[in-house]
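*Asks:* Before I ask anything, let me first share the structure, which is written out below as structure tokens.
The values are calculated or read from the model by the stated rules, or taken from the named source; none is laboratory data. Just so it is clear, the model here is predicted, and its values are computed rather than measured. Because the Cβ atoms are built from the backbone with ideal geometry, glycine has one as well, and the counts that use them run over all protein chains shown. The accessibility values were calculated without ligands, DNA or RNA, using every heavy atom of the protein model including side chains. Shrake-Rupley method; radii C 1.70, N 1.55, O 1.52, S 1.80 Å.
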Amino acid sequence: MIDHRHIGYVSPPFTTPVERGRLKFFAKAIGETDPVYLDEAAAQAAGHPSLPVPPTFFFCLEMDRAEPYGWFDDLGIELPKVLHGAQGFRYHRMAYAGDELTFDSRVTDIYDKKGGLLEFVVQDNRISNQRGELVAEFTRTLVIRHG
Amino acid sequence: MAETLAFDYTAAQARDAWPALSMPPVSRLTLALYCGASGDHNPLHVDADFARDAGLGDVIAHGMLVMGYMGRTLTRFVPQPAIREFNTRFQAMTRVGDEITCTGEVTAREVAADGTTILRVSVSAADQRGEIKTQGEAVIALPA
């Protein structure tokens, strides 16, 4: 069982640049066809200063930490047992290629169901840009399967 | 090329269908590209040996790949700054060969606490057998 004292666990602060090439690679990976996400000129023609960070990519940027699963080790979560149960984003302002985003990540809940066969870990993330403005928040719910 | 399908979200009303988005079958290449591009290098998605040892039989798709498709279903028609929230629950595993189609429906057109008119859009992703993989909801602000 995951120790509930880990509720409140804070990951090391993490800042990462948003790279244009990475956004294009991600667009390819999800089959994107909208030129706003593929072509700098099209993005600017649509009123964006540069290629936008698409809605789900904030989750991906958080995994650019040197040890993206380091917090699993600290909490005693075994990677092969983990499934992604739920994911929610709240958006406050856009982020673009060239921005530097800082992630503040905190475990906000740990609970179990089915007599402990399934454990759930909820982690909240706040993302701010290089101007200190809140860009987005996301909540990730992991399911840990036992048996 | 971008689809030229027209859909005016600003005129959408509750119970209006959202245009569907169909993706080609998920292949191992799809998963490898998503692994690299997303930065999610969890071997469960690309290493069949690891996935077998984990009791899953074979690799499974990243839930966030499917959510990425669902996000495209929205941004095809909505300027991204209008999206306020996007929430999903991953209900079933997506596997190699699955053909994901995202469909949606406007569930409400209402005035939010701050006075903005918003749409609530239910979005789901299902495979070729109709099994729902992921169920979600987005909140979209309409232009003033």
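*Asks:* So which lysines can A:Lys24 reach, going by Cα to Cα under 30 Å and dropping same-chain residues fewer than 8 places off?
*Replies:* Cross-link targets: B:Lys133.
*Asks:* Explain nothing, just the number: dipole magnitude of the stretch B:1-61 about its Cα centre with +1 on each Lys and Arg Cβ and -1 on each Asp and Glu Cβ, in debye rounded to the nearest 20.
*Replies:* Roughly 80 debye, rounded to the nearest 20.
*Asks:* State the extension gain, in nm to one decimal, for the chain segment bounded by A:Ala66 and A:Arg5, taking 0.36 nm per residue of separation less the distance between their alpha-carbons.
*Replies:* 19.5 nm
*Asks:* Further question on the same structure: Can you pull out the trypsin sites (Lys or Arg not before Pro) in the stretch B:1-106 that DSSP calls coil and that have at most 13 other Cβ atoms within 10 Å?
*Replies:* Passing both the DSSP loop test and the Cβ count: B:Arg15.
*Asks:* Computing the accessible area with a 1.4 Å probe over protein heavy atoms, can you report the carbon and sulfur percentage for the protein assembly as shown?
*Replies:* For the protein assembly as shown, the apolar C and S fraction of the accessible surface comes to 52 percent.
*Asks:* Another question about this same structure. Against the longest alpha carbon principal axis of chain B, how many degrees, from 0 to 90 and to the nearest 10, is the axis of helix B:28-38 turned?
*Replies:* Result, in degrees: 60.
*Asks:* I've got another one for you. Under a crude label model (7 Å from the Cα following the beta-carbon direction), how far is B:Ala6 from A:Asp104 in nanometres?
*Replies:* Inter-label distance under the simple model: 4.7 nm.
*Asks:* Helix B:63-75 against the longest principal axis of chain B: what's the angle in degrees, Cα atoms only, rounded to the nearest 10?
*Replies:* So the inclination is approximately 30 degrees.
*Asks:* May I pose another question? With a 1.4 Å probe and every protein chain left in place, work out the accessible area per residue of the stretch B:13-141 in Å², rounded to a whole number.
*Replies:* 40
*Asks:* Once the mean 1/r over all distinct Cα pairs of the stretch A:71-147 is inverted, what Kirkwood radius in angstroms do you read off?
*Replies:* Computed over Cα pairs of the stretch A:71-147, the Kirkwood hydrodynamic radius comes out at 13.9 Å.
*Asks:* What's the local net charge at A:Ile144, with K and R +1, D and E -1, over the other residues with C-beta under 14 Å away?
*Replies:* Details: positive: A:Lys81, A:Lys113, A:Lys114, A:Arg140, A:Arg145; negative: A:Asp3, A:Asp73, A:Glu78, A:Asp109, A:Asp112, A:Glu119.
My count for the surroundings of A:Ile144 gives -1.
*Asks:* Just to be sure I understand the model, the point goes 7 Å from the Cα along the line to the Cβ. What's the resulting B:Gln13 to A:Arg145 distance in nm?
*Replies:* Distance between label points: 4.5 nm.
*Asks:* Am I reading the B/A interface right? What is its buried accessible area, both sides, 1.4 Å probe, to the nearest 100 Å²?
*Replies:* Using a 1.4 Å probe, the pair buries roughly 3000 Å².
*Asks:* Report, in degrees rounded to the nearest 10, the 0 to 90 angle that the Cα long axis of helix A:20-29 makes with the longest principal axis of chain A.
*Replies:* So the inclination is approximately 70 degrees.
*Asks:* List the equivalent ellipsoid semi-axes of the protein assembly as shown in whole Å, largest first, each obtained as the square root of 5λ for an eigenvalue λ of the Cα gyration tensor.
*Replies:* 29, 22, 20
*Asks:* Hey, which aspartates and glutamates would be in cross-link range of A:Lys113, C-alpha to C-alpha under 18 Å, not counting anything within fewer than 8 residues on its own chain?
*Replies:* Cross-link targets: A:Asp3, A:Glu78.
*Asks:* Okay, moving on. Near the amide H of A:Ala97, under 5 Å away, which other amide H atoms are found, from residues 5 or more places off or on another chain, if H is placed in the peptide plane?
*Replies:* The list, which skips near neighbours in sequence, is A:Leu51, A:Val53.
*Asks:* While we're looking at this one, here's another question. Work out, step by step, the length gained on full extension between B:Thr117 and B:Arg89: first 0.36 nm times the residue separation, then minus their alpha carbon distance; give nm to one decimal. Mind showing how you got there, number by number?
*Replies:* Numbers: separation 28, 0.36 × 28 = 10.08 nm, distance 2.52 nm.
So the chain would gain 7.6 nm between B:Thr117 and B:Arg89.
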